[in-house]
Amino acid sequence: MKKYLWMAVIIGLSVIFWPQGQTQAAAAFKDVQGHWADKDIQTALDRGFVAGYPDGTFKPNGTITRAEAAGMLSRITKLTPAAESRAFADLEGHWSRDQVRKLVALGFIDAKDYPDGFGPDQAVTRFEIMKWIASGLAKSEPDFAQALIDTREALLPTPETYGGGIAKDQIPYIALVRGTGIIFGFPDGTFRPATTTTRAEVVATLLRYEKVEGTEAQGYKALNELREVALTGTNLFSVTDFRYKYFDENHTNFQGIQGKPITGRTGLVTIRIHKMIFIPMNGSVYYDWFLDANAKEALERTNGSAMYVIEEITFTSNTEQLDPDSYRKEYSGGLVANYGFRSEGKGYTSSVKFYNARAMDNEGYIRKNESVRVWFSSGIPSDRSSLLVTDDGTTMLLVTKADE
């Protein structure tokens with residue numbers, strides 16, 4: 001009798017400590033021990049999000065198909081469809097049919113992206129994953145949907161922004177997954193949207209997605225920054241305590257001076273500022289993209305008393321031959337002080353990481369009336385006001401809360 005009583009107690013405890021339908025933790029796959037994603041894979045296995053192969057392996061470094069990725073995502077999302085979908089005739093008889101169609105009904109997958117059929121056994125690309133989960137975020141919370149609209153002109157912190165590799169219509173989806181921290185890209189900052197991905201990478205990505213789904217978009221600093229730059233040309237409010245102060249009633253923000261001519265002190269050059277990116281010591285989504293190791297070290301030495309201002313400008317020579325040294329003398333101090341242009345051999349380069357301004361010509365200068373669009377860097381104090389005046393007299397002052 002005592003024997004059966006103890007058995008009943010043990011069974012009762014198993015019901016308490018293990019989820020319904022699961023009597024013990026699932027055994028780990030034999031080929032994931034020591035893998036960088038081993039904990040994520042085990043978590044996904046224990047929660048029933050993934051399945052392995054009959055031989056007991058997971059093949060973490062193996063290329064993943066559209067069907068496999070869609071199956072994982074359909075099990076991870078907490079969203080439920082309001083209607084059924086009958087998309088993709090080529091899914092009939094395929095094991096993933098219901099899971100893919102669930103994602104179509106939820107809006108993760110757009111059937112128009114696959115006019116010739118879903119191709120469930122084709123390798124999924126990195127961008128397909130990015131678009132699926134960004135679309136899922138947009139369905140989970142209205143402000144994520146607005147963020148997809150706001151970031152259409154986002155400045156992505158990746159060398160692919162200028163080096164190629166990201167199509168314009170891909171930008172908002174990449175901005176959303178980067179801004180929420182679901183996908184950071186490779187160590188070199190690239191996202192490589194056209195390449196395939198692995199089973200381990202997708203598991204780790206989808207577990208991060210799960211934590212973001214249904215949360216508030218405003219809670220993600222990097223996303224706020226990408227949105228602000230896309231909409232206004234600057235990240236001022238996202239990363240600093242500065243506020244705009246104008247000495248007229250017609251201007252209230254960065255657009256007051258954006259794109260307006262600012263001529264140097266002796267008239268040799270005129271610049272127009274298109275974007276103004278602030279990088280304080282506590283970081284920015286652009287920190288690793290714009291700053292190399294030396295720049296980061298210099299910023300750390302300020303102990304928070306200064307910050308970089310990285311500006312995209314068009315500068316136009318008003319003299320027959322404009323060289324770097326002459327340019328520097330035209331602007332000093334404040335927001336348009338230039339520390340970024342330098343002459344290396346014959347030609348200009350920009351100090352901004354991943355973006356090299358084209359050589360002006362073989363002589364190392366630009367000619368009169370020639371305009372060039374480049375990035376340069378300057379620096380300002382973090383606790384004092386900075387002034388900028390355009391040729392038409394518009395005066396913008398950046399003030400701290402203490403100055404207000």
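The table below lists the values:
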| item | result |
| --- | --- |
| Carbon and sulfur %, accessible surface of the range 232-321 computed with the full protein complex present, 1.4 Å | 45 percent |
| The range 40-89 - percent of accessible surface contributed by carbon and sulfur, probe 1.4 Å | 53 percent |
| Heavy-atom surface of the range 279-323, accessible at 1.4 Å and reported per residue (Å²) | 42 Å² |
| Gained length - residue 369 relative to residue 392, 0.36 nm times residue gap less alpha-carbon distance | 6.3 nm |
| Residue order for 84, 160 - accessible surface, 1.4 angstrom probe, largest first | 84, 160 |
| Net length gained if the chain between residue 221 and residue 75 were fully extended (0.36 nm per residue, minus Cα distance) | 49.7 nm |
| Where 63, 314 fall by accessible area, highest first, once all protein chains stay in place (1.4 Å) | 63, 314 |
| Links that overshoot a 21 Å alpha carbon limit, given the list 139/211; 78/102; 221/275; 245/329 | 245/329 |
| Calculated FRET efficiency for the pair residue 55/residue 250, C-beta based, R₀ 51 Å, to 0.05 | 0.10 |
| Trypsin sites (Lys or Arg not before Pro) restricted to the range 212-283 and DSSP loop, no more than 10 other C-beta within 10 Å | 265 |
| Per residue, in Å², the accessible surface of the range 185-272 once ligands and nucleic acids are set aside, probe 1.4 Å | 44 Å² |
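The values are calculated or read from the model by the stated rules, or taken from the named source; none is laboratory data. Keep in mind it's a predicted model, so treat the numbers as computed, not measured. Cβ sites come from the backbone with ideal geometry, for glycine too, and all protein chains shown count toward neighbours. Surface areas here come from the heavy atoms of the whole protein model, side chains and all, with no ligands, DNA or RNA. Shrake-Rupley method; radii C 1.70, N 1.55, O 1.52, S 1.80 Å.
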